[in-house]
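Please read the structure below before turning to the comments.
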Amino acid sequence: MIEKTPTSSTEEPRRDFMTKALAVVVGAIVGLVPIVAGAVTMFDPLIKRRRSVLGTDDDGFLKVTSASSLDSTGAPRMFPVIADLQDAWNKFPNTEIGSVYLWKTSEGEIKAFTSRCPHLGCTVNYKASEKLFGCPCHDSSFNLDGTRNNEIPPRGMDSLDVKEVDGEILVKFQKFRAGIHDRIPV
Ligand code: FES
């Protein structure tokens with residue numbers, strides 16, 4: 001016959017306490033899982049607040065206009081850049097995200113510049129009579145090749161990659177930080 005070892009009077013309450021403590025910890029973990037999952041779902045869009053541009057091709061080019069819309073004399077013409085945007089919650093169809101100057105040189109090369117002045121971001125106008133881009137904010141001007149005519153803007157106009165595909169003009173639209181010498185995309 002096997003004899004049972006008698007348990008001490010303090011061992012039983014200690015085992016009870018450990019069991020209850022473990023149950024509390026497991027219960028807390030199980031209860032926290034949905035709360036954490038909910039918080040992640042709720043705050044994830046805030047983390048991903050940045051809007052992405054839809055409709056670009058694999059290289060990031062966006063259709064801006066048709067080639068037939070370019071000025072027939074080769075003068076720069078400003079075009080809005082329209083795109084569908086999306087953030088984590090919403091879509092923003094047909095949103096103007098900027099504007100660009102487009103023109104074709106006498107050699108047939110298509111050029112593109114953003115219309116934002118690299119000084120403080122004002123919109124630059126094209127002055128056909130002077131064949132210059134002029135910024136009205138601080139009386140600066142830029143040549144057709146984008147170089148600046150005074151030292152107020154920290155750099156020349158920002159050129160953009162552009163291509164013609166099946167009669168459409170596509171631009172790799174970017175914005176750059178204003179007020180600094182280097183071209184840093186924002
Ligand atoms: S914003 Fe264009 S020169 Fe200042």
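Looking only at region 142-173, count how many residues are hydroxyl-bearing (S, T, Y) and in contact (Cβ under 8 Å) with a residue 12 or more places away in the chain. Spell out the reasoning first.
In the first step, residues of region 142-173 are kept if they are hydroxyl-bearing (S, T, Y); the result is 147, 159.
The next check asks that each one be in contact (Cβ under 8 Å) with a residue 12 or more places away in the chain; those that pass are 159.
Final tally of qualifying residues: 1.
Of the residues G134, G60, G108, G121, which is in the same structural domain as M157 (by TED's automatic domain parsing), within 16 Å of the ligand (Cβ to nearest atom) and either under 22 Å from the mean Cα position of the chain (by Cα) or surrounded by fewer than 12 Cβ atoms within 10 Å (Cβ to Cβ) (or both)?
Of the residues listed, the single one that is in the same structural domain as M157 (by TED's automatic domain parsing), within 16 Å of the ligand (Cβ to nearest atom) and either under 22 Å from the mean Cα position of the chain (by Cα) or surrounded by fewer than 12 Cβ atoms within 10 Å (Cβ to Cβ) (or both) is G121.
Tell me, which residue of region 84-100 that is over 18 Å from P185 (Cα atoms) and touching a residue at least 40 places away in the same chain (Cβ under 8 Å) is nearest to the ligand (Cβ to nearest atom)?
Per the criteria, the residue is F92.
In region 111-139, how many residues are farther than 17 Å from I152 by Cβ and among the aromatic types (F, W, Y)?
Number satisfying all stated conditions: 2.
Tell me, which residue of region 137-186 that is at positive phi and of a type outside the set (D, E) is surrounded by the most Cβ atoms within 10 Å (Cβ to Cβ)?
G146
The values are calculated or read from the model by the stated rules, or taken from the named source; none is laboratory data. Bear in mind the structure is a predicted one, so any value in this text is a computation, not a measurement. Positions of Cβ are generated from backbone atoms using ideal geometry, with glycine treated the same way; all protein chains shown enter the neighbour counts.
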